[in-house]
Amino acid sequence: MTLVKELKKRRTFGIISHPDAGKTTLTEKLLLFGGAIQEAGAVKSNKIKKTATSDFMEIEKQRGISVATSVMGFEYKGKNINILDTPGHQDFAEDTYRTLTAVDSVIVVVDVAKGVEAQTEKLVQVCRMRDTPIIVFINKLDREGKDAFDLIDELESKLNLTLSPLSWPVGMGIDFQGVYNKWENNLLLYKEVSKQKVTDSININLDDDSLSQHIGEKAAKQLREEIELIQEVYPTFNRADYLSGKVCPVFFGSALNNFGVKELLDCFAEIAPHPQPKKAEERLVQPEEDKFSGFVFKIHANMDPNHRNRIAFVKVVSGKFQRNTNYMHVRMGKNLKFSSPTTFMASKKSLVEDAFPGDIIGLPDSGNFRIGDTLTEGEKLNFKGIPSFSPEHFRFINNADPMKTKQLFKGIDQLMDEGVAQLFTLESNGRKIIGTVGALQYEVIQYRLEHEYGAKCTYEPFPAYKACWIESKDDQQLEEFKRLKNRYLARDKFDQLVFLADSQFSLQMSQEKFDKITFHLKSEF
Ligand code: G4P
């Protein structure tokens, strides 16, 4: 099969949601439909349980398990579908942001009763930065929830999206009877038979007289009115607008009850994009180009402390990747050959001979890779779009065992390459500050430094509000800023200048006073 045919079959996407909205349940149901797993419960073991928030050992263990399910691939209707797993735990949000750089589209799961939650907002924002096509799945329709119109309004205003409902609920809460699927023009009935909820799909047009036989006169009238209203108020779905990120189709269902999931998957398989061109600093790289290129979006440490092996996850951007072939590691400027690259089919890991755009391959790594690294057939390309975001927590890191200084620095260096946290070095005195998204990472770092590198560390508070990457069009103003704010200036691992603002107020004041300086909350701009 030609490269173009192969890549056109690929659908690589991520499922995102606020914890508890039903991401794991939906993933599992999609895998069941795809035949990648045989029973429910297989994905659950991968989930970082909310009860384990303070038990980081448990989380590390679960992260170990999750390496096998980082990518879940299956075939459906002639398409090779790859779901990239994103950690649900918000302390690992940075991992999720990075994984989103490797997807071609996303499904956002929203709880019908809770609507838009904090994490939904953040993640959708990241998708919008890149115009990633989004499908919204409103979940838990079997429960009492918000009115569908209100919910759509809320999604549009809080997430800044334009929505186009492709299915619509019939009734709500105890009156809930099912959904009308506009995409396929059929009615999905949600029935209870012998105390079991079952789904019954009926091909029916809204104008058919028999509609009221299925859902009753009143509900049929209401459904017709509501669908008419939807058609007036929301844009008619068109694929081009979805693909450019302008309009997001919406589906309603219940993942737990397997209700509306197949409809979602059918539509997804039909409309979701195949691998897209990707921007490198040098040029736009097209997936159908002959020459292989790819980038590392995730690095996973192995659990065995005696072997510091890691797996670097590479998304193939263009061309065909082949085993035992020399590829250039662009940052290091050296050639590397991979004898045991792996792919992932649900929980099975297997050796791969070749891979195509959209595929994710796991490369065993002994410390050569850093997140964002590019592999090519020789061309110097650096893929953009893997920014670091401002951490939420900041602490000084101190060496607690002077005999192990080398180990400590090596450990910190490698953990930062993996993207566990961010390291800043203060301009004024060279002290090291670790910035993280969640407080949990400090425990993880301390534990891993000790067990994997034999080094010990302690922390001290560093009261910072946000890290802002500095860009200035005016050298004089920049010099003045540097002089005044010297105590709060640091360098990140790429030697970029960062302002560690101590409060929202101080950031605001600086923005007002230094109007030629831009304060970015992410490292790429
Ligand atoms: P997450 O990955 O987004 O964090 O959510 P997850 O799928 O784990 O779902 C969170 C909870 O919501 C689970 O219940 C799950 O069973 C439930 N759930 C998911 N989809 C539906 C749905 O369509 N309807 C209803 N009523 N519930 C749903 P839990 O009690 O927290 O976990 P468990 O004991 O069921 O595993």
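The values are calculated or read from the model by the stated rules, or taken from the named source; none is laboratory data. None of these values were measured; they are calculated from a predicted model. Here the Cβ is made from the backbone with ideal geometry for all residues, glycine too, and neighbour counts use every protein chain on show.
Summary of computed values
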| quantity | calculated |
| --- | --- |
| Unique match (being away from the ligand (no atom under 14 Å from the Cβ) and either at pLDDT 90 or above or touching a helix residue (DSSP H, G or I) at 6+ places or on another chain (Cβ under 9 Å) (or both)) among 111, 131 | 131 |
| Residue match in the stretch 212-231 (condition: touching a helix residue (DSSP H, G or I) at 6+ places or on another chain (Cβ under 6 Å), closer than 28 Å to residue 272 by Cα and in the same structural domain as residue 109 (by TED's automatic domain parsing)) | no |
| Any chance residue 294 is more than 30 Å from residue 155 (Cα to Cα) and without any contact (Cβ under 8 Å) to a residue 12 or more places away in the chain | no |
| Filter pass, residue 117 being farther than 21 Å from residue 232 by Cα and either within 13 Å of the ligand (Cβ to nearest atom) or among the small types (Gly, Ala, Ser) (or both) | yes |
| Selection count, the stretch 445-479, where residues are assigned to a strand (DSSP E or B), surrounded by fewer than 16 Cβ atoms within 10 Å (Cβ to Cβ) and under 28 Å from the mean Cα position of the chain (by Cα) | 1 |
| Residue 296 being within 23 Å of the chain's Cα centre (by Cα), at negative phi and more than 16 Å from the ligand (Cβ to nearest atom) | yes |
| Wholly within the stretch 388-444, strands (runs of 3 or more DSSP E) carrying at least 3 residues that are modelled with pLDDT of 90 or more and buried (at least 21 other Cβ atoms within 10 Å of the Cβ) | 393-399, 432-436 |
| Test result for residue 370, touching a helix residue (DSSP H, G or I) at 6+ places or on another chain (Cβ under 7 Å) and either outside any loop (DSSP other than H, G, I, E, B) or not basic (Lys, Arg) (or both) | no |
| Residues satisfying the stated conditions in the stretch 338-362, i.e. part of a strand (DSSP E or B), under 14 Å from residue 81 (Cβ atoms) and modelled with pLDDT of 90 or more | 360 |
| Hey, residue 98 more than 11 Å from the ligand (Cβ to nearest atom), touching a strand residue (DSSP E or B) at 6+ places or on another chain (Cβ under 9 Å), under 26 Å from residue 231 (Cα atoms) and part of a helix (DSSP H, G or I) or not | no |
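Yes/no matrix, rows are residues, columns are (1) of a type in the set (D, E, K, R); (2) modelled with pLDDT of 95 or more; (3) closer than 25 Å to residue 25 by Cα:
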| position | (1), (2), (3) |
| --- | --- |
| 250 | no, yes, yes |
| 261 | no, no, yes |
| 271 | no, yes, yes |
| 276 | no, no, no |
| 285 | no, yes, no |
